[in-house]
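The values are calculated or read from the model by the stated rules, or taken from the named source; none is laboratory data. This is a predicted model, so every value here is computed, not measured. Here Cβ is always computed from backbone atoms with ideal geometry, including for glycine, and neighbour counts include all displayed protein chains.
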């Protein structure tokens, strides 16, 4: 299979083109730093052709001088030092027509390195701001095959034909000699650059910048030679918007308002759909219980599978709405502005605005967010960011937050305009973020001492978000969530049911007991019950009973498992026909010792604080092990987050009880 490399500056449209050609769902956004590793996929049309082509999406670069880990991945690939992509047959440079200087300078450098054996895609040629230039003449002047393409309007078939008509059967290699230092693929900034007929080792920053300037000067000359107009309407509009968005005071207000509105929308828009699914799951469980004969199979399906999986599936609307809104925000170009707004604040914590993008990715999932720290060139800043990303509220926490807030925080209007549940939700997101910054500051003063580096970012022009990518992102995240519910959560629900059912208590223990008392005794006698009783002394100071302790323990694998575990445990231990949903069962549970509700405001907020700070994701620990190349940071992360979670939950409970 012939491989085609896609390279270009960050935010040039590489990943969008990759998705169009391959049908993949590589994350796309209107800000830098999304692609931090290679991705390879075959073309959609391969089934119709004998010749099979694959495209490789590489991290964005601005020159052949790598200044961060992600940029060095691309340079290493070009010079044959990437073990993931050992050979390739074509290079396609994606030129962002809205930012010709940086895009053309890179294309010219790569063309010179490979002796002209490259191709060019002029992306975004249809924007108002790009109508100033004749791209046909620019392409002819460069002297390589080219195509004008718009990811927003043009079809993938046109692009596929261009690639197939100009494909090469030979493995592509640099036509010039290569000289590298041993550390060149370790991403030391300004380590290597291409000059004339070889890569040369650069000893200082000044010589590196002179190499970059060489191609930037060529790009500016080429751009000026084929300018045909001065239409600056889009630039002027972006500047007018930035006057408010980047204002020292108004910018912060707008930033907070935007993210509060997102959280508010999660509750107001998703509420009806969530209630519908919640009621449907309860009704379906009742229906299945009615048609199946009473016994072990009935309990397994109703109390194990339906209660466990159904308890998590009801949160699907919130997750889909969150990613739909974030996709619109990413497309607009606002995220780059947000990183500038937060740069000054982050400098107080020993970081810079570049850390904002990994933190933002952490709202979705810590794993890609930790990988996104590769864009941070300073090693100590990168480690401080990486070690605190799991404190950012990820989507796996959503089911827990929504369950507890929706059940125990009364819905009312605060100050006449704010929804109380949305405020609670916003507070937890804000709390995770501010604590992450505080811990990062502690790291920067102790383990990762060093001065804060400067932050420079190229602002994309504002653009009107389109619904298609937003719906695609929403559906993709929904499918991932349902797949997890149908595999991991389903399997675990079966295991939890089994452990909550066996062994059975002796019959004499149930003589003379009511149905409710028998169910409670059977649950406590089971393997789960015995384990819960074993750990109960450790968690009792937090206000938790053994059932919550089991849920927290199981959630060490993945946070949303807490909800499915409680769903199964409470379904088995509750025979009240009026309590058909997990929320109702949580509200109805009474502590036999105090004759008061087990769950109250103090317990609910103690749990929320615990989940806000606890490290409960095996995948995250795995990626930390890979990114830091050792176990030390893994143990440090798990240790400090566990202490933080326990201490925070303890203080919260005793303040509110």
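Check off (1) in contact with a helix residue (DSSP H, G or I) (Cβ under 9 Å, 6 or more places away or on another chain); (2) more than 27 Å from residue 427 (Cβ to Cβ) for residue 559 and give me the number that stays unchecked.
Going through (1) in contact with a helix residue (DSSP H, G or I) (Cβ under 9 Å, 6 or more places away or on another chain); (2) more than 27 Å from residue 427 (Cβ to Cβ) one by one, residue 559 breaks only (2).
Just a yes or no: is a residue in the stretch 398-410 without any contact (Cβ under 8 Å) to a residue 60 or more places away in the chain, within 27 Å of residue 314 (Cα to Cα), touching a helix residue (DSSP H, G or I) at 6+ places or on another chain (Cβ under 8 Å) and outside the structural domain of residue 604 (by TED's automatic domain parsing)? Give the derivation first.
At the first step, the residues of the stretch 398-410 found to be without any contact (Cβ under 8 Å) to a residue 60 or more places away in the chain are 410.
Restricting the remaining residues to those that are within 27 Å of residue 314 (Cα to Cα) gives 410.
Going one step further and asking which of them are touching a helix residue (DSSP H, G or I) at 6+ places or on another chain (Cβ under 8 Å), we end up with 410.
Of the ones still in play, those that are also outside the structural domain of residue 604 (by TED's automatic domain parsing) are 410.
Within the stretch 398-410 (the criterion being without any contact (Cβ under 8 Å) to a residue 60 or more places away in the chain, within 27 Å of residue 314 (Cα to Cα), touching a helix residue (DSSP H, G or I) at 6+ places or on another chain (Cβ under 8 Å) and outside the structural domain of residue 604 (by TED's automatic domain parsing)), the answer is yes, since at least one residue qualifies.
Taking the stated definitions as given, is residue 291 without any contact (Cβ under 8 Å) to a residue 60 or more places away in the chain and surrounded by 14 or more Cβ atoms within 10 Å (Cβ to Cβ)? Full working, then the answer.
Numbers: without any contact (Cβ under 8 Å) to a residue 60 or more places away in the chain: yes; surrounded by 14 or more Cβ atoms within 10 Å (Cβ to Cβ): no.
When the stated conditions are applied, residue 291 does not pass them.
If only one of 101, 70, 96 is modelled with pLDDT of 80 or more and touching a helix residue (DSSP H, G or I) at 6+ places or on another chain (Cβ under 7 Å), which one is it?
Of the residues listed, the single one that is modelled with pLDDT of 80 or more and touching a helix residue (DSSP H, G or I) at 6+ places or on another chain (Cβ under 7 Å) is 96.
So residue 48 ticks every box in (1) surrounded by fewer than 17 Cβ atoms within 10 Å (Cβ to Cβ); (2) closer than 25 Å to residue 471 by Cβ; (3) modelled with pLDDT under 75 but one. Which box is left unticked?
All conditions are met except number (2).
Scan 483, 504 and give me the residue that is surrounded by fewer than 13 Cβ atoms within 10 Å (Cβ to Cβ) and either farther than 27 Å from residue 559 by Cα or touching a strand residue (DSSP E or B) at 6+ places or on another chain (Cβ under 8 Å) (or both).
Working: 483 fails: either farther than 27 Å from residue 559 by Cα or touching a strand residue (DSSP E or B) at 6+ places or on another chain (Cβ under 8 Å) (or both).
On inspection, the qualifying residue turns out to be 504.
Might you let me know whether the stretch 321-335 holds any residue that is more than 24 Å from residue 249 (Cα to Cα) and not in a helix (DSSP H, G or I)?
no
Residues that are more than 23 Å from residue 357 (Cβ to Cβ): list the helices (runs of 4 or more DSSP H) wholly contained in the stretch 40-145 that include at least 2 such residues. Even if it seems obvious, please write down each step before you answer.
Values: elements: 69-78, 100-113, 135-142.
Answer list for the stretch 40-145: 100-113, 135-142.
Taking helices (runs of 4 or more DSSP H) that do not extend beyond the stretch 346-394, which have at least 1 residues that are touching a helix residue (DSSP H, G or I) at 6+ places or on another chain (Cβ under 8 Å) and over 19 Å from residue 430 (Cα atoms)? Before the answer, list the steps.
On the way: elements: 356-362, 366-372, 379-386.
Qualifying helices (runs of 4 or more DSSP H): 366-372, 379-386.
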